[in-house]
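To start, the structure under review is shown below, and the notes come after it.
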Amino acid sequence: MAPIDMPRSRHLAEWRHTDDGVELVLDQRAIGVPRPLALVLLDGDRLLTDSPVDDLLGLESTLRHMVAVFAEEVRVAHQAVFAVRVRKTSGSPRRTSDDGGAFARATERQGRASRHHYAAARLLEDLRDWVSELRPAHGMLAEAVQGWARGPEAPATVTIFADPHAFLAGDVRRQATRDWGGLDIDGVEAWGHGWRRDGDDDAPGSIPPDGPDRGGYWSLGFCARTGEIYAVRRAPHLDQEVWLLGNLVATRELADSILDPLSDHMRQPNSLVLAARTVGAAVREQAA
């Protein structure tokens, strides 16, 4: 399929309803929406708008949120099964043989949560695959496709620290004492606070967004005393984590030259990984 010229405007595409379902009209071509995706797009109170780009990316946001919610339900259900199993094995013989059906109920909840999680994850994968097959040339859909293809894995050049305390302990020059007496990273975080990574973007307890959700929980920073560029995750539903993206960055001006051109890409999926790759390449060039 030839690349589709997708201007940044959201309104140059349109939906078309047919006897067979829903079609997406792009570049003067009508492309049938796979039935499972069409059913979700038209489910319940959801209405298609005059902006298919917003509709598709909004559905992607909703499915990501559902995957996060069901993943949390799977975790809780697994803990419940484990707790019942411990009670059964540590109790009296009579209690072990007659648990009032607690184990059966716990395993049933675990199975139901796992099925829901699998179904949501499969729909999300199908939606991303279908949009990717459209091969949009530019605009928000193209940015999304690029980000999905990038993936969430940290490049080999990245060093991962479990939390800021571990990062600070690795080099005292990274430490700054704040007014409240505690230690913090002695860095300048001037390149945005919404860098994204699949798996981190969606808080299970939050309200799913109405439309495309393009925000993340990572910040990029520069520590002048060590010449390091780092990223730190500050999410309400996740532990803080620090990625050391690279060193040998001697000045703030050099950090600006590496990171400033990336700012327009912050809202793309897995933009954190793009930043990590870019910093890694710049550091290799500096070391050459």
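Of note:
For every residue, the table says whether it meets (1) closer than 18 Å to Asp200 by Cα; (2) touching an Asp or Glu at 6+ places or on another chain (Cβ under 8 Å).
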residue: Pro152; (1), (2): yes, yes
residue: Ala156; (1), (2): no, no
residue: Phe167; (1), (2): no, no
residue: Arg173; (1), (2): no, yes
residue: Ala176; (1), (2): no, yes
residue: Asp179; (1), (2): no, no
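- Residue, surrounded by the fewest Cβ atoms within 10 Å (Cβ to Cβ), within the stretch 19-49, restricted to residues that are part of a strand (DSSP E or B) and modelled with pLDDT of 90 or more: Gly32
- Residue ID - nearest to Leu141 (Cα to Cα), chosen from residues in the stretch 1-18 that are at pLDDT 75 or above and not basic (Lys, Arg): Ala13
- Qualifying position, being more than 22 Å from Gly280 (Cβ to Cβ) and small (Gly, Ala, Ser), among Gly215, Gly147, Gly170: Gly215
- Condition check for Arg35: among the basic types (Lys, Arg) and touching a helix residue (DSSP H, G or I) at 6+ places or on another chain (Cβ under 8 Å): no
- Of the strands (runs of 3 or more DSSP E) contained entirely in the stretch 158-273, those carrying at least 1 residues that are free of Cβ contacts under 8 Å to residues at least 24 places away in the same chain and either exposed (fewer than 15 other Cβ atoms within 10 Å of the Cβ) or touching a Cys at 6+ places or on another chain (Cβ under 6 Å) (or both) fall at 175-177, 183-185.
- Among the residues of the stretch 252-288, those identified as of a type in the set (S, T, N, Q) and closer than 21 Å to Thr159 by Cα are Asn270, Ser271, Thr278, Gln286.
- Scope the stretch 238-288; condition over 22 Å from the mean Cα position of the chain (by Cα) and of a type in the set (Val, Ile, Thr); matching residues: Val249, Thr251, Ile258, Val283
- Output for the stretch 62-90, where each listed residue is of a type in the set (Gly, Ala, Ser) and either touching a helix residue (DSSP H, G or I) at 6+ places or on another chain (Cβ under 6 Å) or surrounded by fewer than 20 Cβ atoms within 10 Å (Cβ to Cβ) (or both): Ala71, Ala77, Ala80, Ala83, Ser90
- Taking residues in the stretch 63-84 that are within 17 Å of Gly205 (Cβ to Cβ) and in the same structural domain as Asp43 (by TED's automatic domain parsing), and partners anywhere that are crowded, with 20+ Cβ neighbours inside 10 Å and among the charged types (D, E, K, R), the pairs with Cβ atoms closer than 7 Å and at least 6 places apart or on different chains are Arg64/Asp201; Arg64/Asp202; His65/Asp202; Ala68/Asp202.
- Criterion applied to Glu125, Glu153, Glu133 was being out of contact with any Ser or Thr (no Cβ under 7 Å at 6 or more places or on another chain), in contact (Cβ under 8 Å) with a residue 12 or more places away in the chain, part of a helix (DSSP H, G or I) and loosely packed, with under 14 Cβ neighbours inside 10 Å, and the one residue passing it is Glu133.
- Filtered residues of the stretch 109-148 (kept if in contact with a Lys or Arg (Cβ under 7 Å, 6 or more places away or on another chain) and either of a type in the set (Phe, Trp, Tyr) or not assigned by TED's automatic domain parsing to the domain that holds His65 (or both)): Trp148
The values are calculated or read from the model by the stated rules, or taken from the named source; none is laboratory data. Just so we're clear, the structure is a prediction, and the values are computed from it rather than from any experiment. Virtual Cβ from ideal backbone geometry, glycine too; neighbours counted across all protein chains shown.
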